[in-house]
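The structure under discussion appears below in the form of structure tokens.
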Amino acid sequence: MSEEEDEEEESMDLVEQSIFNTEQYVEIQRKNRETLEKTNPKDRLEYAKEMLLCFQVLAMSVKGWLNWLSNYNTINELSLEEMTEIYPEIRKVVLKFIDIDIEITKKKIGEAKVKHQIKKKPTANNKKYIS
């Protein structure tokens, strides 16, 4: 076998491995989705556990998208038509997530201010340092 044929075979092996890995990923995410659909938390600990699972599944997905979109070869596989279909859906989900994030964070900040009787933002003049 020539060097060129060896390189072509290695390249095909990498493509096949990549496809296999992607198929495995899809199966894992499908199972994760089924698990999330079936959850029914009853107390704070169960809610925390299930929210953690949600974020772990989401992180896996985001990591995959980041890998895809930072890979020139993958970007070449996505047509402009596919991108114009995908982007609005992804954007809608991210905007909703950010809205939830901001809402909950502001609520918890307000609760912390009341609990700790904080009335104004710290400035250079009113910061207290432990010495």
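Just name the residue that is modelled with the highest pLDDT out of those in segment 43-91 that are surrounded by fewer than 11 Cβ atoms within 10 Å (Cβ to Cβ) and part of a loop (DSSP other than H, G, I, E, B).
Filtering first and then ranking leaves Asp43.
Cβ-Cβ below 7 Å, separation at least six or inter-chain, first residue in segment 38-63 and more than 14 Å from Ile28 (Cα to Cα), second part of a helix (DSSP H, G or I): which pairs?
Hits for this filter: Thr39/Glu50; Pro41/Tyr47; Pro41/Glu50.
Does at least one position in segment 17-36 carry a residue that is modelled with pLDDT of 90 or more, in contact with a helix residue (DSSP H, G or I) (Cβ under 9 Å, 6 or more places away or on another chain), on the phi < 0 side of the Ramachandran plot and not in a helix (DSSP H, G or I)?
no
Pairs under 9 Å by beta carbon, first residue farther than 17 Å from Met51 by Cα in segment 100-120, partner in a helix (DSSP H, G or I), six or more apart or different chains?
The qualifying pairs are Ile118/Ala112; Lys119/Lys113.
The values are calculated or read from the model by the stated rules, or taken from the named source; none is laboratory data. A quick note: this is a predicted structure, and the numbers were derived from the prediction, not measured. Ideal geometry is used to build each Cβ from the backbone, glycine not excepted, and the neighbour counts take in all protein chains shown.
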